[in-house]
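The values are calculated or read from the model by the stated rules, or taken from the named source; none is laboratory data. Note that the structure is a prediction, hence the values are computed from the model and not measured. Note: ideal-geometry Cβ built from the backbone for every residue, glycine included; neighbour counts use all protein chains shown.
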Amino acid sequence: MEDTEQFDELRDVSNIQNASNTDNGLDSHDVPEGDENPAVPADQEARKKGWHEPTPFNYESFADKANQDWASAAIRYEWKVEWNDEFGDVGPRNEELEKQLFEGDLIPRAGMRLKELNNPPLVTCESEEDIDAVAEWDDAGLHPVMRENVKLCLYDKPTTIQAFTVPAVYRGKDVIGSGKTGAFLIPILSKLMGKAKKLAAARPNPNDEFQQVVRAEPLVLVVCPTRELATQIFDEARRLCYRSMLRPCVAYGGAPARFQREELQKGCDILIGTPGRIIDFMGQPHLLSLRRVKYTVIDEADELLQSDWEEEFKKIMSGGDMNEDDDHRYMMFSATFNKECRKLARTYLALDHIRVRIGRPGSSHLNVQHDVHYVEDSLKKQALYDLLLSMVPIRTLIFVNRQDMVDFVDDFLYNKGLPSTSIHGGRTQREREDAIRSFRSAKCPIMVATGLSARGLDIVNVMHVINYDLPKVAHGGITEYIHRIGRTARIGNEGIATSFYNSRDEDIAPDLVKILIECKQRVPDFLDEFRPTEDAITFDDDTDQDDNSDNEDNEDNEDNEDNEDNAVHSADENAEDDPWSAFKPKKDVDEEDAGGSNSAGPTPDW
């Protein structure tokens, strides 16, 4: 049965007994912890419910250091120097690689409800000039190679964020927004494809027996907070760079630096990485130079703008020999972006940058069914087991708050006969990559994780996210919750988010209730005391029009706020002729009152 066909069944069986009917939680947990039904061994019960046998951990594969399949060494399209005269800017097809990159069952695909997510009333574009959104890829002015690669990826139409970022990038604008990797990779790589021969650094001929190594001088730098997200963006770049002269590389900690150095020395046009390893390579001028960088992209930017990342972030943004020319564009993307982070972000962005918001940043979307159950800590293990067996076997991601609890819950599920794996920051990089591969391939369709896996992870058909522990306000709170449940219902698919709640979670309860109300979900009786009055339901993280009011250097505060009101546009549901017209910024913003010169920039390539 296809996952999309299973969802109605999941919706029915997921409504396990609400804890509000008891004093202690779920009715099925009246059996003392540890008691088993001797008539049905745990592993047989799991088999009976459709879960396959758990896979023992293969320690021997980790002992073979000569045969380690690091994500950074994944095969990519290699441009040959001798092709330049024969093929121009478009290389010949490689059918074997094409099949690997584009035809795998594990590549995320758009779901049935993508059209709802692309509904124009969800969009707000904050800009000081017209941005003509593109409704079809054929209207986007993409390079022929990129247009073909987008087809191979089965991206039928631009998503809402892509509809605005593509023309914004082509117009040479800095961008801040939310959305999938394609929102920045597609327009950036497309714009570079026709200029790669002119802009890219020299690289060795891979057919040369005595090939010399070169210094990596990327045109694009993509920085993200986690290793898993870095390798995921790298995979997308491998697809989108297919048959072009552009060569992507990835650099992240935990994996041998030697392997990554060797890849960089073969030539690098797009460098994706985590801050630590990038800074390490920046300290080796013979290995890496940023002097050619035309685009710097910060993914999950609000995470990297936090205080514990700030030092590394500043080193990357201003250190080394970074290209600081006027044509250097900066882009920042994240599903959540509070005002403090946006203020800091704007210190790196041009004054006339464009901000595209899908819905309210920090909100969830309606494709996720939220279920919250009251479960005491002592009953969580059994509640988790009962929940998993009450549903058809599906790919499930379970979040806990501590590394030791990851191991504890994983061991419990494995010993119950369930095919689980786990991941957290205390594991070696080889173990982390093995866990992701096992989860992605459904070899282990249940994965227990800390918040390490909450951001950006895009794995096909994750239909259920379980908050075994709700995040604490001191460690991310509702922002962390939004990122966690965002691992399901990706690109128009549907999913379920189940959370175990008890009195220890009262700090997050008010924000959790607001999210449930906003998403038109049922608020359980035990959370009624946190239900705000109708006029008290307010959300932070709205437009940027109020952010500049705190700028002490701005003497004309009130005038600027009025003018910024003209630059922020919400949806007009009655727009008939042009469904995007409600989101096109007005042209009557005075340049001087808006805070300086706002040139329209270069003419779009198309």
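A few notes on this one:
- Subset of segment 62-105 [among the hydroxyl-bearing types (Ser, Thr, Tyr) and either out of contact with any Gly (no Cβ under 9 Å at 6 or more places or on another chain) or modelled with pLDDT under 85 (or both)]: SER72
- Qualifying residue in segment 426-433 (condition: assigned to a loop (DSSP other than H, G, I, E, B) and free of Cβ contacts under 8 Å to residues at least 12 places away in the same chain): yes
- Residues (in a loop (DSSP other than H, G, I, E, B) and not hydrophobic (A, V, I, L, M, F, W, C)) located in segment 502-524: ASN502, GLU506, ASP507, LYS520, GLN521, ARG522, PRO524
- Among the conditions (1) in contact with a strand residue (DSSP E or B) (Cβ under 9 Å, 6 or more places away or on another chain); (2) crowded, with 19+ Cβ neighbours inside 10 Å, ALA442 misses just one, which is (2).
- Among strands (runs of 3 or more DSSP E) entirely within segment 273-384, having at least 1 residues that are under 18 Å from TYR252 (Cβ atoms), touching a strand residue (DSSP E or B) at 6+ places or on another chain (Cβ under 7 Å) and in contact (Cβ under 8 Å) with a residue 60 or more places away in the chain singles out 295-299.
- One residue stands out among those in segment 320-379 that are β-branched (Val, Ile, Thr) and closer than 17 Å to GLN306 by Cα: the one that is modelled with the highest pLDDT, which is THR347.
- Residue in segment 191-210 that is of a type in the set (A, V, I, L, M, F, W, C), at pLDDT 95 or above and out of contact with any His (no Cβ under 7 Å at 6 or more places or on another chain) present: yes
- Of the candidates ILE485, ILE496, the single residue that is surrounded by 22 or more Cβ atoms within 10 Å (Cβ to Cβ) and touching a Leu at 6+ places or on another chain (Cβ under 7 Å) is ILE496.
- Which numbered condition ASP407 fails, given (1) out of contact with any Ser or Thr (no Cβ under 6 Å at 6 or more places or on another chain); (2) closer than 23 Å to GLY495 by Cα; (3) not in a loop (DSSP other than H, G, I, E, B): (2)
- Taken over segment 456-494, the criterion of being over 24 Å from PHE526 (Cα atoms) and either assigned to a strand (DSSP E or B) or without any contact (Cβ under 8 Å) to a residue 24 or more places away in the chain (or both) is satisfied by VAL462, MET463.
- ILE176 of a type in the set (A, V, I, L, M, F, W, C), over 22 Å from ARG239 (Cβ atoms) and in contact (Cβ under 8 Å) with a residue 24 or more places away in the chain: yes
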